[in-house]
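Notes for the one structure printed next.
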Amino acid sequence: MHHPSSEPAERAVVRHRVGMVPRAADCFQDREIAMRLAQAATEGEIVVLSKAPPEISPVLTGMGGVGKTQLAASYARRIWEKQEVRVLVWVSATSRPQIVSTYAQAAAELGLCGDPEDAVKAAEQFLAWTQTTSVPWLIVLDDVQDPADVRHLWPSAEPGAGHGRVMVTTRRRDAALIGPGCIRVGVDVFTRAEARAYLTTKLAVAGWADTTEQIDALAEDLGYLPLALSQAAAYLIDTGLDCSAYRRRLVNRARTLAEVVPEDSCLPDDQATVVAANWSLSIDRADRARPAGLARPLLQIAAVLDPNGIPEAALTSSPIVAYLNERRQSDAPGGLPDDLSAADVYDGLRVLHRFSLIDHDPESSFQEVRIHQLIQRTTRDTLTSEEMLATAHIAADALMTVWLAIEHNRRGSILRSNTTELRTHTENALWAWNGKVHPVLFHAATSLGEAGQASAAVTEYTHLSAAAIRMLGTDHPDALITRSNLERWRAEAGDVTGAVTAYEELLTDFLRVLGPDHPDTLITRNNLERWRGEVGDAERAVTAFENLLADVRRALGRDHPHTLIVRNNLASWRGNSGDAEGAVTAYEELLADVRRTLGSDHPDTLTTRGNLARWRAEAGDVTGAVTAYEELLADFLRLLGADHPYTLTTRNNLARERGIAGDREAATAAFHDLLADVLRVLGPDHPNTMATRGNLAHWMGEMGDAAGAVTAYEELLTDFLRVVGPHHRATLIVQEQLLHWRQRTI
């Protein structure tokens, strides 16, 4: 077939537009990103508009609603008005037939096609024209949803090959959309300032106003998503609500997100769908992509966790793998392996990333998955009560699995944040876990205390105790355990006397509800006697623990974990009462039984070895203690790693005993090095960090720098007063040490 020359068409082309360029949104924000877009959209390049925070990755596509289409339309209108192009083709590229049809229309309107009835051939002729013409043109492929839709349909915009510009908007992040000649321009949500300016202007046009504080809070609630902000503003204007009232509706779980935006017929700016429906097609397509059937349930789990960072290890953990195996459909498109693995689940996360439903960055340690809070809200709104219950339990199981595998101060903080979000969205579900409280709630609160925030742990357990009583009843075993945990952290926070009184009342309730021989009753007696010993007579504590040990052995047996705990405490109080040699003997016997029951490498075996080393030093065998600590440190490094709290504690104890043995210089150097590591791992306010500072100050003084010790203790006292208050025993000890070293400077 004869192909007509492009020369007559070029002479005929004055200025021509094909397709409907979306009109500018009301109060359109001329965002900072527009300047980068203009710089990137140079002649001879394909520009792909997507959401891409540069700090995460230089090439990232993003979810719908960030304003890609509006930015592309603004650019297209601007260069058309400046007459920088003579042909502008706007393609709604949501399917391959639509792309072909628009190309064919362009070919017909430009007089290029020999057979207007053959759309495919006409599209090919239009693409050929883009390769050879000297007419400046712009083609916008808006909302490409599948890389296959544009296969062999890319306009040529190679430098030197023509005078064209290509712009693509897409949510997809597939490698097929990355190639030579492509420039990725990342489009994120509004900045805080852009969101404030948009809402303020939009409301003012309607004669509406609100405080900057409330406008900023609303923007934050909506995650600064442009589409959500525009629909929220329209809803505010239509209903006459102010931002505060709207925000209350937004957080009301009885309302879905779709119920707090305008109806389809009342959407602003020619929008086609409410924000809640904006991602439904992407979710459907992602769930069909290989590995089929994983995207939707994974998104549901992510929807109840922390949008700012979910550990990949949790989402690929064994409970979730088992859960997805149970859910998978045997006839899913593309098929699934007989047994899913963590690798399959990882691939599911990558699918969600490719469809811009999550951001998955494998290099972001322990916060590899991020998700916009409105995608979370929309996903949660689709769950039935049964599905929410199952999702909550499996998410909690996953967090516990990761938590028990490794504890690290920063990772603990991330897991606590995820637990807080999980509890916020599904709290009732976590109180209905096989008729009990899900242990993740206890673990999160305890982790808070173990991170050095004892007062915060008291607050958390106070909340949990009230909830346990409300949800389960006063006499439920988990309600009693919650009270026990509360009193532990009350004592750790400095109120030992109050904790002892509360433990006495709690023991009465345990005896009444569970009886004297129940393990929880016996461990409550253990806790009560421990804290009684802290405020009372050490010899009395020894007698109390001897009596308790007899009851525990009778009720639970010699190898029960509670029996071993009581034996540990009895040995410690023997040492505290002045019988260091008796403590050594007791710990030697305990170590043999712990090794037999738990194994040589169990953490409890290692900590028992540490306790034995301590009392050997107290009994006078400092050299033997140093050797024992050196061997123990090697095992902790081998089994738990350099940053584990047990490893750091052992380094502390070894440094102390080296100093006591006479090597003050080595002790000072060791504490100096240790302080750098505990600051990095545990943070400045952790009790172990502050104890390390005290030990370093002490050995600085012992090395002859009494003035330096005074300065260090003064700084430490200021921090203890801030963190735990003036009456905490640790604060009092620091005050004593400060007085001691001040006297040494006289």
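The values are calculated or read from the model by the stated rules, or taken from the named source; none is laboratory data. This is a predicted model, so every value here is computed, not measured. For neighbour counting, all protein chains shown are included, and Cβ atoms are generated from backbone atoms with ideal geometry for every residue, glycine included. What goes into the accessible areas is simple: the full protein's heavy atoms, side chains included, and nothing from ligands, DNA or RNA. Shrake-Rupley method; radii C 1.70, N 1.55, O 1.52, S 1.80 Å.
Identify the residue in region 400-426 that is at pLDDT below 90 and among the polar types (S, T, N, Q) and, among all such residues, is surrounded by the fewest Cβ atoms within 10 Å (Cβ to Cβ). Result: Ser413. Taken over region 85-105, the residue count meeting the criterion of being touching a Leu at 6+ places or on another chain (Cβ under 8 Å) and not β-branched (Val, Ile, Thr) is 4.
Tell me, yes or no, whether region 358-380 has at least one residue that is free of Cβ contacts under 8 Å to residues at least 60 places away in the same chain, surrounded by fewer than 21 Cβ atoms within 10 Å (Cβ to Cβ) and closer than 30 Å to His727 by Cβ. Checking region 358-380: not a single residue is free of Cβ contacts under 8 Å to residues at least 60 places away in the same chain, surrounded by fewer than 21 Cβ atoms within 10 Å (Cβ to Cβ) and closer than 30 Å to His727 by Cβ. Do we find that Leu305 is in contact (Cβ under 8 Å) with a residue 24 or more places away in the chain and part of a loop (DSSP other than H, G, I, E, B) in this structure? Yes. Restricting region 716-736 to residues that are more than 16 Å from His686 (Cβ to Cβ), part of a loop (DSSP other than H, G, I, E, B) and touching a residue at least 24 places away in the same chain (Cβ under 8 Å) leaves a set whose member that is most open to solvent (accessible area, probe 1.4 Å) is His727.
Taking into account only those residues within region 427-439 that are of a type outside the set (D, E, K, R) and surrounded by fewer than 22 Cβ atoms within 10 Å (Cβ to Cβ), which is farthest from Leu464 (Cα to Cα)? Result: Asn434. For region 500-519, enumerate the residues that are open to solvent by less than 10 Å² (accessible area, probe 1.4 Å) and either at pLDDT below 95 or of a type outside the set (A, V, I, L, M) (or both). Tyr503, Phe510 - these are the residues of region 500-519 that are open to solvent by less than 10 Å² (accessible area, probe 1.4 Å) and either at pLDDT below 95 or of a type outside the set (A, V, I, L, M) (or both).
The single condition among (1) within 23 Å of Ala451 (Cβ to Cβ); (2) free of Cβ contacts under 8 Å to residues at least 12 places away in the same chain; (3) of a type outside the set (Ser, Thr, Tyr); (4) open to solvent by 60 Å² or more (accessible area, probe 1.4 Å) that Asp705 does not satisfy is (1). What about Ala667, is it open to solvent by less than 60 Å² (accessible area, probe 1.4 Å), more than 25 Å from Thr459 (Cβ to Cβ), of a type outside the set (Ser, Thr, Tyr) and in contact with a Gly (Cβ under 6 Å, 6 or more places away or on another chain)? It is true that Ala667 is open to solvent by less than 60 Å² (accessible area, probe 1.4 Å), more than 25 Å from Thr459 (Cβ to Cβ), of a type outside the set (Ser, Thr, Tyr) and in contact with a Gly (Cβ under 6 Å, 6 or more places away or on another chain). Counting only residues that are of a type in the set (Gly, Ala, Ser) and open to solvent by 30 Å² or more (accessible area, probe 1.4 Å), region 671-702 holds 2 of them.
Here's the yes/no breakdown for (1) outside any loop (DSSP other than H, G, I, E, B); (2) at pLDDT 70 or above; (3) under 29 Å from Arg285 (Cβ atoms):
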site	(1), (2), (3)
Glu43	no, no, no
Leu60	no, no, yes
Ile79	yes, yes, no
Leu88	yes, yes, no
Val91	yes, yes, yes
Pro97	yes, yes, yes
Gly111	no, yes, no
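A single entry from Gly575, Gly624, Gly641 fulfils the requirement of being more than 41 Å from the chain's Cα centre (by Cα), farther than 22 Å from Pro519 by Cβ and without any contact (Cβ under 8 Å) to a residue 40 or more places away in the chain: Gly624. If you filter region 265-277 down to residues that are farther than 17 Å from Asp221 by Cβ and of a type outside the set (Asp, Glu), you find that the one that is most open to solvent (accessible area, probe 1.4 Å) is Ser265.
The single condition among (1) among the charged types (D, E, K, R); (2) closer than 26 Å to Arg490 by Cβ; (3) open to solvent by 40 Å² or more (accessible area, probe 1.4 Å) that Asp397 does not satisfy is (2). Filtering Arg651, Arg638, Arg656 for residues that are surrounded by fewer than 20 Cβ atoms within 10 Å (Cβ to Cβ), of a type in the set (Lys, Arg) and under 21 Å from Leu682 (Cα atoms) leaves a single hit, Arg638. Of the helices (runs of 4 or more DSSP H) lying entirely inside region 183-264, those containing at least 1 residues that are at pLDDT below 90 and open to solvent by 30 Å² or more (accessible area, probe 1.4 Å) span 192-205, 226-239, 243-251. Please tell me if Val85 is open to solvent by less than 10 Å² (accessible area, probe 1.4 Å), in contact with a helix residue (DSSP H, G or I) (Cβ under 7 Å, 6 or more places away or on another chain) and more than 15 Å from Phe126 (Cα to Cα). Here the answer is yes, as Val85 does meet what is asked. Can you confirm whether Gln145 is open to solvent by 10 Å² or more (accessible area, probe 1.4 Å), modelled with pLDDT of 85 or more and farther than 24 Å from Pro22 by Cα? Taking the combined requirement at face value, the residue does not satisfy it.
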